[in-house]
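Here's the structure, in structure tokens; my notes come after.
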Amino acid sequence: MTISKTSATPLVRAGIGGWTFAPWRGTFYPEGLAQKDELHYASRQVTAIEINGTFYGTQKPSSFRKWHDETPDDFVFALKAPRYTTHRKVLAEAGESIQRFLDSGLSELGDKLGPINWQFPASKPFVPEDFDAFLSMLPKDLNGTTLRHAVELRHISFAVPECMDLLRRHGVAVVSADSPDYPQIFDTTASFSYIRLQNAAENKVNGYGPKVLDQWVKRACLWSEGQAPDDLPTLSPASNATKSGKKEHLRSETHIPHPVFLFFINGFKPKAPAAAAAFLKRLP
């Protein structure tokens with residue numbers, strides 16, 4: 001499989017979750033490619049990878065340094081924050097675990113450090129004061145590197161304007177996903193957008209049909225231009241991004257770039273690289 005990374009839309013990055021997955025060997029990865037070379041290969045086929053290992057356990061600084069050195073200069077990693085931080089009863093007590101994660105070696109990624117996804121369990125409801133306290137503990141930078149935080153909210157109680165307003169006040173993005181199992185939230189609450197597409201199907205050549213891929217490319221390009229797609233609902237009337245049909249920009253005076261990070265995650269996972277390939281080829 002050959003994936004073209006060429007695009008005139010550099011603000012839109014697309015990729016996959018992780019790089020170690022046996023069914024990709026001989027399909028995405030060439031026959032005979034050594035497992036130790038899989039990150040080197042994958043990072044030259046997509047423009048970003050979401051690291052899932054950080055969700056399950058603490059990584060070493062040497063690992064982050066190795067990942068940095070094996071990937072191209074223009075590559076970016078998104079990181080899933082550890083579950084021991086977000087899977088707790090009282091989020092306001094997560095300060096120590098947040099700092100432990102940030103101090104585990106993230107700065108070794110340098111400019112390749114992309115957004116951090118703080119994924120909450122589906123059993124975790126929205127408690128405004130506690131959630132606000134958690135957001136307040138997320139630092140804006142790490143050793144001189146700007147941090148970008150996103151939250152993946154899987155309980156329906158988060159799908160309210162009050163939550164979007166809190167995120168916007170803290171400059172934290174809400175992860176937008178297409179999974180029917182969790183709330184689908186598409187408000188723009190930060191200076192970047194984070195998309196996780198989880199519906200790849202086994203019976204589709206590229207995991208997603210051509211029309212659906214075209215639709216997501218259009219949406220991603222609109223977000224990167226500071227606009228909100230007019231075919232997706234938003235919860236908060238004070239949303240930063242205006243609907244594309246109005247031809248108004250989120251930052252019409254300053255035109256600050258609005259990066260978009262889009263990952264093909266789960267669904268029928270063996271199709272994720274093909275979906276990323278098809279998406280990247282469609283970018284203008």
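The values are calculated or read from the model by the stated rules, or taken from the named source; none is laboratory data. Bear in mind the structure is a predicted one, so any value in this text is a computation, not a measurement. Every residue, glycine among them, receives a Cβ derived from its backbone with ideal geometry; neighbour counts consider all protein chains shown.
Things worth noting here:
- Only listed residue being part of a helix (DSSP H, G or I) and within 21 Å of VAL260 (Cα to Cα), chosen from ASP165, ASP130: ASP165
- A search for C-beta distances below 6 Å between a residue of segment 8-32 that is modelled with pLDDT under 95 and any residue that is of a type in the set (Val, Ile, Thr) and assigned to a loop (DSSP other than H, G, I, E, B), counting only pairs 6+ apart in sequence or on different chains, returns nothing.
- Subset of segment 118-156 [touching a helix residue (DSSP H, G or I) at 6+ places or on another chain (Cβ under 8 Å), at pLDDT 95 or above and of a type in the set (Ser, Thr, Tyr)]: SER136
- Close Cβ contacts (under 7 Å, 6 or more residues apart or on different chains) running from residues in segment 211-232 that are within 17 Å of PHE279 (Cβ to Cβ) to residues that are at pLDDT below 95 and among the aromatic types (Phe, Trp, Tyr) are absent.
- Qualifying positions in segment 11-45 - acidic (Asp, Glu) and either surrounded by 15 or more Cβ atoms within 10 Å (Cβ to Cβ) or in contact with a Lys or Arg (Cβ under 9 Å, 6 or more places away or on another chain) (or both): GLU31, GLU38
- The one condition in (1) modelled with pLDDT of 95 or more; (2) surrounded by fewer than 15 Cβ atoms within 10 Å (Cβ to Cβ); (3) among the polar types (S, T, N, Q); (4) under 26 Å from ALA133 (Cα atoms) that THR58 fails to fulfil: (1)
- Scanning segment 10-46 for residues that are among the polar types (S, T, N, Q) and within 23 Å of the chain's Cα centre (by Cα) gives THR20, SER43, GLN45.
- Answer residue from segment 184-229, given it is assigned to a loop (DSSP other than H, G, I, E, B) and of a type in the set (Phe, Trp, Tyr) and is nearest to ASN117 (Cα to Cα) among those: PHE192
- Flag if ARG65 is basic (Lys, Arg), without any contact (Cβ under 8 Å) to a residue 40 or more places away in the chain and surrounded by fewer than 20 Cβ atoms within 10 Å (Cβ to Cβ): no
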